[in-house]
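Data first, discussion second: the structure below is written as structure tokens.
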Amino acid sequence: MPVDPAVLYDFRPVTEKDLPMIAGWLAEPHVAQWWDDPETEIAGIRDHIDSISVEPLIVELDGKPIAYLQSYDPHLEDDHPYADQPFGTLGIDLSIGRPELVGRGHGSAIVRQFVEQLFEEGVPRVIIDPDPANGRAIRAYEKAGFRRIDRRQSEYGDVVLMAIDAEEGDAEEGQ
């Protein structure tokens, strides 16, 4: 059953107390195939709790944590593979942690709502970089308004670089 368009998600910062829950999500087969081993990932997320370049967030629905989302500024990291994107661009990554919520429209709805908030804050472009084999994610991001702009090999592996620009979001609202 698709997500009701009126559904609103809450985004809150990750805390140390969230790490065991996120580790559990990273061990779920639908997440594990796209992330590195949970110990390495949790160490990275822990480091990002106080980071200026990456903002780790928990996505909540009706007060219950359902997903991990992070936004990052590719211009704040030396030699970031997406530093060629326009200044002000933010990247995002999303993993729905609860398997029973996968394939129900939450991915595109979460991304759409979060991107709208970023545009309201003045972000000109948002990028996301799914694995080319992750068709479900690519379809969800396209449904949220992202378009494919490049295929890249980087330290993150083979990715489909996708983007949505603030002007596109405004044009879609006017239709």
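FYI, it's all coordinate maths here, none of it is from the lab. What you are looking at is a predicted structure, and each value in this text was computed from that prediction instead of being measured. Every residue, glycine among them, receives a Cβ derived from its backbone with ideal geometry; neighbour counts consider all protein chains shown.
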Sorted by Cβ density within 10 Å, fewest first, the residues D129, D150, D50, D18: D50, D150, D18, D129
Lys, Arg +1 and Asp, Glu -1 on Cβ, resulting dipole of the chain about Cα centre, debye, nearest 20: 720
Sequence of M162, M21 once ranked by neighbouring C-beta atoms within 10 Å, starting from the fewest: M21, M162
Region 95-175: C-alpha gyration tensor shape, a/c 1.5 cut-off, then a/b vs b/c: oblate
Euclidean distance of C-alpha centroids, region 114-137 and region 27-55, integer Å: 18
At least 18 Å along the helix axis (C-alpha) and Kyte average at least -0.5, DSSP helices within the chain: 106-120
Residue among P132, P20, P81 with the largest mean-square fluctuation in a Gaussian network model of the chain, springs linking Cα atoms under 10 Å: P20
Spin-label model distance (nm) - L8 vs Q113, 7 Å beyond Cα toward Cβ: 0.9
Whether region 1-71 is rounded, prolate or oblate, judged on the alpha carbon gyration tensor where a/c under 1.5 counts as rounded: oblate
Within region 92-131: backbone nitrogen closer than 13 Å to the D158 label point (7 Å, Cα to C-beta): 131
Using alpha carbons only: equivalent-ellipsoid semi-axes of region 10-174, gyration tensor based, whole Å: 23, 18, 17
